Each structure stands twice: as structure tokens, then as C-alpha cells.
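Participant: One structure coming up, written as C-alpha cells, with questions to follow.
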Amino acid sequence: MTQTLTIVDHPLVQHKLTLMRQRDTSTAVFRQLLREISQLLAYEVTRSLPMTTRSIETPLMEMEAPALAGRKLALISILRAGNGLLDGMLELIPSARVGFVGLYRDEKTLQPVKYYFKVPDQLDQRLTIIVDPMLATGNSSVAAVQMLKDAGARDIRFLCLLAAPEGVARMQEAHPDVPIVTAALDDRLNDKGYILPGLGDAGDRMFGTK
Ligand code: URA
């Protein structure tokens with residue numbers, strides 16, 4: 001991937017995103033839409049996966065058929081909202097290896113602190129896709145990318161549903177080598193770090209919490 005920021009402007013993605021943004025969309029529908037949209041985003045973020053060929057037999061003849069090359073890719077969910085994107089992606093890429101990164105914000109320093117980290121082995125040989133629906137301030141995303149780099153990942157992509165300009169700028173400054181794929185780039189953050197116009201708290205909306 002050469003483009004640093006890709007906005008997936010496919011009509012189906014945009015339509016589903018509008019439904020997800022609406023205040024009165026129920027938890028069940030929100031979850032279903034997230035599952036559907038994550039498959040469309042997965043299609044885009046994996047567009048340039050390395051390919052090889054292998055010999056197969058069709059019922060009629062032998063052929064050299066295209067197949068994915070290299071190790072199974074790694075999907076890394078940033079807890080907890082990342083799990084919503086993860087579920088849909090796994091339907092499309094069922095053999096992917098899966099990791100989880102848990103971060104909370106220290107109330108004094110406001111910096112992200114790791115409370116859980118479990119990722120697949122041989123990350124240096126896998127395409128690593130981090131999933132988190134909201135790229136807001138970018139603090140947790142930047143920290144998660146650094147943890148994955150420290151764990152060996154070399155080819156990292158970041159997949160989100162919505163991004164704020166502030167988060168994109170922060171990621172591009174800290175990790176210019178990590179392409180970002182999103183369904184939309186919104187206007188800005190409010191003073192609580194929520195994306196505007198946004199969709200609210202993605203975790204609360206997908207899990208039905210407040
Ligand atoms: N996280 C969310 O869930 N929503 C936002 O708007 C920003 C961060």
C-alpha cells in the first residue's frame with residue numbers, strides 16, 4: 001500500500017455508515033451494520049496482499065491458480081470496540097490469526113496504559129491489521145502501533161470506521177509507514193475527544209452500554 005490515508009467511498013459503505021450514525025439505530029441493527037461494513041472495509045484493506053500461484057486440478061484440466069502468498073495475516077483488535085470490526089473481518093478472512101490489545105487512559109498523565117497484550121507469533125512475517133472503529137485523538141492507536149512494532153510487526157495497516165483529522169495527523173506523524181483505511185474522515189473532535197459529527201461511543205452503541 002502506498003497511500004497513507006484511504007477513504008472507502010463505496011456507496012454501500014457510505015449508506016451503511018449513515019444508518020450507523022443515526023441516533024435511533026438500535027444496538028442490534030448497529031451491530032449488524034458494523035459486521036457488514038467491516039467486510040467491505042476488509043476487502044479494501046487487503047486489496048494489495050501478496051499473491052502466488054499453485055497447481056490445482058479443475059474437473060477439466062490442470063491450471064496454475066492464484067492464491068494468497070506468505071503467512072496468515074494477523075488481525076489485532078484494540079479492546080473493546082475493535083471486536084465489532086474484528087467479527088466481520090473474520091467472516092471474510094477466517095484463517096487470520098488474532099491478537100488483542102487492551103489500553104486504558106491514566107487519569108493523571110492522560111497517556112494510554114497497557115492492561116492486556118496477546119498477539120500472534122512471527123509478526124515480522126505477517127501483514128498486521130489493527131482494527132479500532134474510531135480514530136479520534138490517535139493516542140491509543142499510536143501506542144498500539146508502537147507495541148506491535150516492539151513485538152516485531154513490520155507491515156502494519158490501521159483500519160477504522162471513522163477518523164478525525166486530529167487522529168490521522170497524529171498517526172501520520174508518529175507512524176508514517178502505517179497506511180490508514182477508513183470509511184469517512186469527519187470534521188473534528190469535541191472537547192471530550194468525541195468525533196464530530198461521528199456516531200457517539202462506538203463501544204456503547206455496539207454493546208448496548210452507557
Ligand atoms: N471513541 C468513540 O467511541 N467515539 C468517538 O467519537 C471517539 C472515540
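Participant: Return the loop-located trypsin sites (Lys or Arg not before Pro) in segment 96-147 (DSSP other than H, G, I, E, B) with at most 14 other Cβ atoms within 10 Å of their own Cβ; answer none if there are none.
Facilitator: Lys108
Participant: As a footprinting exposure proxy, order Leu85, Leu185 by other Cβ within 10 Å, with the fewest listed first.
Facilitator: Taking fewest neighbouring Cβ atoms as first place, the list is Leu185, Leu85.
Participant: Go ahead and set up a Gaussian network model of the chain, Cα springs under 10 Å, then flag whichever of Gly167, Gly198, Gly70 fluctuates most.
Facilitator: Largest GNM mean-square fluctuation: Gly70.
Participant: I've got another one for you. Looking only at Ala28, Ala67, Ala164, which one moves most when the chain is put into a Gaussian network model with springs between Cα atoms under 10 Å?
Facilitator: Of Ala28, Ala67, Ala164, the most mobile in the Gaussian network model is Ala67.
Participant: Would you work out the charge dipole size for the chain about its Cα centre, treating the Cβ of every Lys and Arg as +1 and the Cβ of every Asp and Glu as -1, and quote it to the nearest 20 debye?
Facilitator: With Lys and Arg at +1 and Asp and Glu at -1, about 460 debye.
Participant: Can I ask one more? Give me the angle, in degrees from 0 to 90, between the Cα long axis of helix 82-92 and the longest principal axis of the Cα atoms of the chain, rounded to the nearest 10.
Facilitator: 20
Participant: Tally the DSSP beta bridges in the chain and give the antiparallel ones as a percent, rounded to 5.
Facilitator: The antiparallel proportion sits near 40 percent.
Participant: Here is a further query. How large is ³J(HN,Hα) for each residue in segment 37-45, as worked out from phi by the Karplus curve 6.51 cos²θ - 1.76 cosθ + 1.60 (θ = phi - 60°), to whole Hz, x for Gly and Pro?
Facilitator: 5, 5, 5, 5, 5, 4, 4, 6, 6
Participant: Once Rh for segment 1-85 is found with the Kirkwood sum over Cα pairs, what is the Stokes-Einstein diffusion coefficient at 10 °C and 1.306 mPa s, in µm²/s?
Facilitator: 100
Participant: Please state the relative contact order of segment 1-160 as a whole percent: Cα pairs under 8 Å, 6+ residues apart?
Facilitator: Answer for segment 1-160 is 19 percent.
Participant: Oh, and also: In terms of the Cα gyration tensor, with a ≥ b ≥ c the square roots of its eigenvalues, is segment 3-155 rounded because a/c is under 1.5, prolate because a/b exceeds b/c, or oblate?
Facilitator: Taking the square roots of the gyration eigenvalues as a ≥ b ≥ c, segment 3-155 is oblate.
Participant: Additional query: Which value in deg cm²/dmol, rounded to the nearest 500, describes the helix-derived mean residue ellipticity at 222 nm for the chain, given -39,500 (n - 2.57) per DSSP H run of n ≥ 4 and division by the residue count?
Facilitator: My calculation for the chain gives -10000 deg cm²/dmol from helical runs alone.
Participant: Against the longest principal axis of the chain, how steep is helix 139-150, in degrees 0 to 90 to the nearest 10, with axes from Cα atoms?
Facilitator: Tilt relative to the chain: about 40 degrees.
Participant: Subtracting the Cα-Cα distance from 0.36 nm times the residue separation, let me have the gained length for Leu12 to Glu64 in nm, one decimal.
Facilitator: Full-extension gain reported as 15.4 nm.
Participant: Here is the link list: Lys118/Lys210; Lys16/Lys108; Lys72/Lys210. Which ones come out longer than 32 Å on Cα distance?
Facilitator: Pairs exceeding the cut-off: Lys16/Lys108; Lys72/Lys210.
Participant: Any chance you could give the angle, 0 to 90 degrees and rounded to 10, that helix 11-21 forms with the longest Cα principal axis of the chain?
Facilitator: Long axis of 11-21 versus the principal axis of the chain: about 30 degrees.
Participant: Taking loop as defined by DSSP and a crowding limit of 15 other beta carbons within 10 Å, which GluC sites (Glu not before Pro) in segment 100-208 fit?
Facilitator: In loop regions of segment 100-208 (DSSP not H, G, I, E or B), the sparsely surrounded GluC sites (Glu not before Pro) are Glu107.
Participant: Looking only at Gly138, Gly84, Gly193, which one moves most when the chain is put into a Gaussian network model with springs between Cα atoms under 10 Å?
Facilitator: In this elastic network of the chain, the residue with the biggest mean-square fluctuation among Gly138, Gly84, Gly193 is Gly193.
Participant: Mind checking segment 1-43 for trypsin sites (Lys or Arg not before Pro) that DSSP puts in a loop (not H, G, I, E or B) and that have at most 12 other Cβ atoms within 10 Å?
Facilitator: Arg23
Here, each number is a calculation from the coordinates, and none is a lab measurement. The shown structure was predicted, so the numbers you read here are calculated from the model rather than taken from an experiment. Using ideal geometry, Cβ is built from the backbone for each residue, glycine included, and neighbour counts are taken over all protein chains shown.
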